[in-house]
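Just so it is clear, none of the values below were taken in a lab; they were calculated from the coordinates. Every value quoted in this text rests on a predicted model; they were computed, and no experiment measured them. Cβ sites come from the backbone with ideal geometry, for glycine too, and all protein chains shown count toward neighbours.
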Amino acid sequence: MKSNALKPRSISCTIDFDAPGKQNGFISVPTAQPSSALGIVQIPLTVISNGSGPTVTLIASVEDCEFNGTLAVQQLARQIEIQDVSGRLILLPTANPLAQQSGRIGWANYEKSLNNSFPGNLQGCVTEQIAAFFSENIIGISDAVIELRAGDATSSYAASAAIYQNPENRSLQETAEQTMIAFGAPNSVRLLPCLPGSLAFATQQANIPFITTLLGGGGTASATLVNLALTGCNNALLQLGLLNTELQLCSTRMLEVNNENCYLLAPTMGLLQPCKEVGEEVYRGNPIAYIVDPTTSGSPVQTIVANRNGVLLARHYGGHISAGECVALLADEVQR
């Protein structure tokens, strides 16, 4: 007998993940917003399915101010046709719309990072509901997940594809590395193991290869980096056996972040004067940046020096820096 019991509004999706063809739609999340107490948040989504093959998810803007990935995935959603695909391609250009719109990692009044909410909770706050939907309905059906990320408004990265080191599952790490190298970014980076609660951790726990990218930052977009993301996604999807296109050969430099000493922190507040740009080689003892006291004239500066030979993978973006904030992230150049 059919139940007529009333149910509360819940998260829903306009797309049938099992249907063939190309579908553009939304994941809808009921939530009160400052502009609409009875409204919803719509997460845009495209699914392209054609025949047999792997399911691959491209996801961007999990946090705020990550515009290069969003623009690249939006362009792929417009350009990729059904006949280009063998399998199923899931495209999420803006996974965290309110954070992107507000420039804040948390969702409006909920103040929780989506990238710290996995595997999620359908009875939790908005971000936990989103994470739960992604975990069950997207990660759960994927054979690989590629995240397009960047630095936020206060950080900038050298253009890179990356994987998180996974000492508990070396085979899964090696599979992810193959796709990272195929992506063909100027830098291919092994990062420290990912944190519990993150999209990367949830994907690894599901035994699914996870690849991320580090595409600039500073709260802006770049034509060069959007095009790099388009080329890289094309190459990665081709390597995974999903896209029927031509490989675009690119050289890549292998880097590794192997301990917390790779992060150089500011000992004091002040104005940051960079000495190096991201992607440049650095040598032990070289100045990376100066911290200048803006309240005095002619006083000594605080010099931040490299503690190793390597590459400047990321740096603080913006003129002001506070004590404890990351001035620079250094990576070691390694053999494949």
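On a full-extension model of 0.36 nm per residue, what is the gain between Arg336 and Ser10, subtracting their alpha-carbon distance, rounded to one decimal in nm?
Numbers: separation 326, 0.36 × 326 = 117.36 nm, distance 4.67 nm.
Separation in residues times 0.36 nm, less the Cα-Cα distance, equals 112.7 nm.
With springs connecting C-alpha atoms under 10 Å apart, model the chain as a Gaussian network and identify which of Gln129, Gln23, Gln248 has the largest mean-square fluctuation.
Judging by the Gaussian network model, the answer is Gln248.
Just to be sure I understand: with springs between alpha-carbon atoms less than 10 Å apart, which residue in Ala162, Ala223, Ala144 has the highest mean-square fluctuation in the Gaussian network model of the chain?
Its mean-square fluctuation being the largest, the pick is Ala223.
Once both axes come from the Cα atoms, what is the angle between helix 67-79 and the longest principal axis of the chain, in degrees from 0 to 90, rounded to 10?
40
What does the extension gain come out to for Asn244 and Asn169, with contour length at 0.36 nm per residue minus their alpha carbon separation? Don't skip to the end; give the middle numbers.
Working: separation 75, 0.36 × 75 = 27.00 nm, distance 3.01 nm.
Additional length available on full extension: 24.0 nm.
Once both labels are modelled 7 Å past Cα along the beta-carbon direction, what's the Glu81-Cys326 spacing in nm?
In this crude spin-label approximation the distance works out to 4.2 nm.
Output wanted: per-residue J couplings in Hz (rounded whole) for segment 268-273, from phi through Karplus 6.51 cos²θ - 1.76 cosθ + 1.60, θ = phi - 60°, x for Gly and Pro.
Karplus values, whole Hz, x for Gly and Pro: 8, 8, x, 8, 9, 10.
Could you work out [θ]222 nm for the chain from helices alone, using -39500 (n - 2.57) per DSSP H run of at least four and dividing by all its residues? Round to the nearest 500 deg cm²/dmol. Mind showing how you got there, number by number?
Working: 6 runs with 69 residues, N = 336.
My calculation for the chain gives -6500 deg cm²/dmol from helical runs alone.
What FRET efficiency do you get for Glu136 and Thr268 if R0 is 45 Å and r is their Cβ-Cβ distance, rounded to the nearest 0.05? Please list the in-between numbers first.
Numbers: r = 46 Å, r/R0 = 1.03.
So, using R0 = 45 Å, E works out to roughly 0.45.
In a GNM of the chain with a 10 Å cut-off on Cα contacts, which of Glu128, Glu136, Glu66 has the highest mean-square fluctuation?
Its mean-square fluctuation being the largest, the pick is Glu136.
Whole-Hz Karplus ³J(HN,Hα) for segment 180-189, in order, using 6.51 cos²θ - 1.76 cosθ + 1.60 and θ = phi - 60°, x for Gly and Pro?
Working through the residues one at a time gives 4, 5, 4, 3, x, 5, x, 10, 10, 10 Hz.
Enumerate the amide H contacts of Ala328 below 5 Å, restricted to partners 5 or more residues apart or on another chain; note that Pro and chain-start residues carry no placed amide H.
Under 5 Å from the amide H of Ala328: Leu264, His316.
At R0 = 45 Å, how high is the FRET efficiency between Arg284 and Asn121 if r is their beta carbon distance? Nearest 0.05 is fine.
Working: r = 46 Å, r/R0 = 1.02.
According to the calculation, E is roughly 0.45.
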